[in-house]
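One structure is given below, encoded as structure tokens.
No value in this document is a laboratory result; all are computed from the given coordinates. Keep in mind it's a predicted model, so treat the numbers as computed, not measured. All Cβ positions, glycine included, derive from the backbone under ideal geometry; neighbour counts span all protein chains shown.
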Amino acid sequence: MSIYGIQFVGLAYFCPAFRAWFEKGTDRRTIEHGLGPELLEYAVYVRNVFEEQGQQTGLMDRYYLNPAEIKAVMEELVRYN
């Protein structure tokens, strides 16, 4: 990625719609690279910690794939079937 591309991402990241697209895309690529089980374990763990501390996970689910979405993406890929 060029310096201009990095600058664009940095500025566009302030836009909630772009941030959600970017982060969920990163999660999908992580799953495609074979790290779906690890991402799923992490997503469940982080949400459990937040809930134990009385914090809401709604904002997290807005920007990142939730465990159900991670499982759905994994089921779509032959690698996990």
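Where the alpha-carbon atoms of the chain are placed on the principal axes, they occupy 37, 37, 16 Å, in descending order. Using Cα pairs closer than 8 Å and at least 6 residues apart in sequence, work out the relative contact order for the range 3-80, in percent. Here the relative contact order equals 36 percent.
Of the residues Gly36, Thr26, Ile3, the one whose Cα sits farthest towards the positive end of the charge dipole of the chain is Ile3 (charges of +1 on Lys and Arg Cβ, -1 on Asp and Glu Cβ, taken about the Cα centre). If only the Cβ of Lys and Arg carry +1 and only the Cβ of Asp and Glu carry -1, the dipole of the chain around its Cα centre is close to 280 debye.
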